[in-house]
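**Q** I have a structure I would like to understand better, so I am pasting it below and will then ask my questions one at a time.
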Amino acid sequence: MINNLWLHPGLILMAGALALPLVKGRLFRPYLLLVPLLAFGAVMMMPQGMYGVFPFLEWDLTFGRVDRLSLVFAYIMTLMCIIGTLYGLHVENPFEMAAAWIYVAGSLGVIFAGDFLVLFLFWEVMAFSSVFLVWFRRRPESVWAGFRYLLVHAAGGMVLLAGIVLLYHATGDLGFHQLDVSRPTLPVYLILIGFILNAAVPPLHAWLPDAYGEATVSGAVFMCAFTTKTAVYALARGFAGMEILIPLGVVMALYGVVYAVLENDARRLLAYHIISQVGYMVAGVGIGTELAINGACAHAFAHILYKGLLFMGVGSVLYMTGKSRFTDLGGLYSRMPRAFVFTLIGGLSISAFPLFSGFVSKSMIVAAGFDDHLYWAAFLLTLASAGTFLHTGLKVPYFIWFGKNNCTKDTWEKAEDPPVHMQLAMGIAAFLCIFIGVYTPYLYDMLPYAAVYKPYTAYHVTESLQILLFTALGFFVFLKKLTPKPVISLDMDWFYRKGGRVFLLGAQKGMDYLSARAHQYLGQALPRRLNKFSQSGPARLSLLLIRPLWYLTGVPVKGPEGVEKRFTDTFNQSLFSIGSSAVFIILVLMVLLFFVT
Amino acid sequence: MILDLIEFLRQRLKRVILVSCVILALLVGFDALLLDKGRAHTAAEHLPGFWAVFGFVSCVVIIFVSKWFGKLGITRQEDYYDQ
């Protein structure tokens, strides 16, 4: 893909991943860090323009459309790849990191794709590589969760492909540009469905908590960053201003919050909050103004860092203790104080506390909503942000590091701060979360549009502090209500988990019934009748002709001494019967043939 | 260091709660008396302590609506899918 000295960062990661199983010994860990650093360097050095254009059949495939929109996503994704790899340095299985890198390469491929064919190619690479991050946890549940994840994404991919093919058929253009969202046609809707499935928009979202809750410790750190944010990029590129995305985004923001209240598993809770946070971005794309698109990009940028940090913090608890459910944890602050502080920083960032990253990104989308007079959307998004603080800022740290100590002796003894490389990765992410919140030009200068936004006004800071601190008040007042219980919550995956079983059961029972009936009729009754027919058919036919003659002559016909019995006995025992049967069957066949032709 | 700070605060829990309440009161007081609300988007925001009430009510609504939703049959035993 080298074209005018342009190197696709995804190519670096893919080549690095392919060579990874060959690197052994002392070189292994330095190599792990080198490859994502090179990819990040490639993005940093990248000038804007069109690169990697290859003629293929009758199309020109574009692998490298580099503009401000693709650059901001590529920057944060390769940066997160460095942090995630650093966090996963303990992983012995080279294939796990190789899968993670190919997954990131898939995301980067989508980000730089200039046409729908290249986009679709990398879209599928993402699904088929990330599923290994679930499978490598090697629990029986992970295997099934992985298959569900793959099936859902394969179905989404098919819808996307159908949309692309129909769009090409209608317009003759494969270029990936802003689509006509004011008069959407069927292909546009199909592409939209493909995109919003990856963005985890309800009711197409259940794959996310299902798979992310089951992924490996470091795999979840990668997964939380890439699939949904790549979808946000694709939406921002193709569907800016599509109004249906505003209510969908608001529903997402609230949906994730509601399920987070009920959730007992910390990583699944965080997964539900991805849905909630991506809801802001989807709504931002739907609003579609320059400020809103900037907000969606800024929030995706901030989100990748703080959500990665949260998954790293909670993941480190899982890594050390083997537990991620609140009902198995609690009171760990004295055992894992650093993991607590890092998770808290992630929690304050996602909650949009002043001086943390979410404050300067999330509020941009809400402000764009207010500016566009979409008051209902802006107020509901603000309500959801109270829920975010309630759970990720308060519930997660409180019930893991404080609250009732539910740890067994074994859990308690295993619990201590994670290895240095994990702490370093969390430290970098935590620093960036605060840096973005404090020094706004770092992020704002990277955004695609020049729309001006100033988050630090007295009014906005006071507004945010009031919402957050009074949410905290509500948390402590209703603490008992929020105590986690050892339960799970049914979600849309019920339809394919239980529904699948109903289908299987129906298919099994139905097949059993069909098989029994087929055996009864086709296997037994029909041959019996055919046999009887061919045996006694000729005799009966002859009787039909001869019986009236017997009656006329007056011989005794019925009974044991009657002519009828003697006739059939003779018929059955004689060679004549074989010949007559053959003649009879040939006659029947000829009649059949006559009717068929 | 982190641990010392947490222990320090935990030993003075009552005072921490008191200080927190004072901060809440000061915040609402600042909003009601001193804050320039020229940047407010809607008329309702001019009410004193509007966002404080909004935050608290949001929190309560989220907790109770979610719990009610869970009781509709959404929350199940952990082995539900294994049965």
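**Q** Just to check I understand the Karplus step: with θ = phi - 60° and J = 6.51 cos²θ - 1.76 cosθ + 1.60, what whole-Hz values come out for region A:100-115, glycine and proline as x?
**A** Once rounded to whole Hz, the list reads 4, 5, 5, 4, 5, 4, x, 4, 5, x, 5, 4, 8, 5, x, 9.
**Q** Mind checking which lysines have their Cα closer than 24 Å to the Cα of residue B:37? Skip sequence neighbours fewer than 8 apart in that chain.
**A** A:362, A:454
**Q** Is there a simple number for the mean count of other chain Cβ atoms within 10 Å of the Cβ of residues in A:466-479, and what is it?
**A** For peptide A:466-479, the averaged partner shielding equals 6.
**Q** Please report A:242, A:312 as a ranked list, fewest other C-beta atoms within 10 angstrom at the top and most at the bottom.
**A** Ascending number of Cβ neighbours within 10 Å: A:242, A:312.
**Q** Packing-wise, with mean Cβ within 10 Å as the measure, how do A:256-265, A:145-154 rank, highest first?
**A** Descending packing order for the listed peptides: A:256-265, A:145-154.
**Q** May I ask you to list the aspartates and glutamates whose Cα is less than 15 Å away from that of residue B:71, ignoring any residue fewer than eight positions away on the same chain?
**A** A:263, A:491
**Q** Going by how many other beta carbons lie within 10 Å of each one, how would you line up B:62, B:2, fewest first? Show your work: numbers first, answer last.
**A** Details: B:62 24, B:2 12.
Listing B:62, B:2 from fewest to most nearby Cβ atoms yields B:2, B:62.
**Q** Next up: Arranged by the count of other C-beta atoms within 10 angstrom, fewest first, what order do B:21, B:59, A:297, A:407 take?
**A** Ranking B:21, B:59, A:297, A:407 by Cβ neighbours within 10 Å, fewest first, gives B:21, A:407, B:59, A:297.
**Q** With a 10 Å radius around each residue's Cβ, average the other Cβ atoms per peptide and rank A:281-291, A:540-550, highest first.
**A** A:281-291, A:540-550
**Q** Would you pull out the residues with amide H under 5 Å of residue B:49's amide H, same chain only if 5 or more places away, H placed 1.01 Å from N?
**A** Amide H neighbours of residue B:49: B:32.
**Q** Across the residues of B:63-69, average count of Cβ atoms on other protein chains within 10 Å?
**A** For peptide B:63-69, the averaged partner shielding equals 6.
**Q** For region A:461-474, in order, what is each residue's ³J(HN,Hα) by Karplus, 6.51 cos²θ - 1.76 cosθ + 1.60 with θ = phi - 60°, in whole Hz (x at glycine and Pro)?
**A** Running phi through 6.51 cos²θ - 1.76 cosθ + 1.60 with θ = phi - 60° gives 5, 5, 4, 5, 4, 4, 4, 6, 5, 6, 5, 4, 4, x Hz.
**Q** What does the charge count near residue A:229 come to, summing +1 for each Lys or Arg and -1 for each Asp or Glu among other residues with Cβ under 14 Å from its Cβ?
**A** +2
**Q** Is there a simple number for the mean count of other chain Cβ atoms within 10 Å of the Cβ of residues in B:28-38, and what is it? All intermediate terms of the calculation are to be shown ahead of the outcome.
**A** Numbers: counts 4, 0, 4, 5, 0, 0, 2, 5, 4, 4, 2.
Neighbouring Cβ atoms belonging to other protein chains average 3 per residue here.
**Q** Name the residue farthest towards the positive end of the dipole of region A:93-212 from the options A:174, A:119, A:158, assuming +1 on Cβ of Lys and Arg, -1 on Cβ of Asp and Glu, about the Cα centre.
**A** Sorting the options by dipole projection puts first A:158.
**Q** Using only Cα atoms, find the angle between the long axis of helix A:337-350 and the longest principal axis of chain A, and express it within 0 to 90 degrees, rounded to the nearest 10.
**A** Helix A:337-350 sits at roughly 80 degrees to that axis.
**Q** List the residues whose amide H sits under 5 Å from the amide H of residue A:51, counting only those 5 or more places along or on another chain, with H placed 1.01 Å from N in the peptide plane.
**A** A:64, A:65, A:66
**Q** Additional query: Under a crude label model (7 Å from the Cα following the beta-carbon direction), how far is residue A:189 from residue A:558 in nanometres?
**A** Going from the residue A:189 label point to the residue A:558 one covers 7.3 nm.
**Q** If you look at just the Cα atoms of region A:319-399, how large are its Rg and its Dmax in Å?
**A** Cα radius of gyration and Dmax of region A:319-399 are 15.8, 49 Å respectively.
Any read-out appearing in this document is the output of simple, stated calculations on the displayed coordinates, not a laboratory observation. Note that this is a predicted model, so its numbers are computed, not measured. No Cβ is skipped: glycine too gets one built from the backbone with ideal geometry, and neighbour counts run over all protein chains shown.
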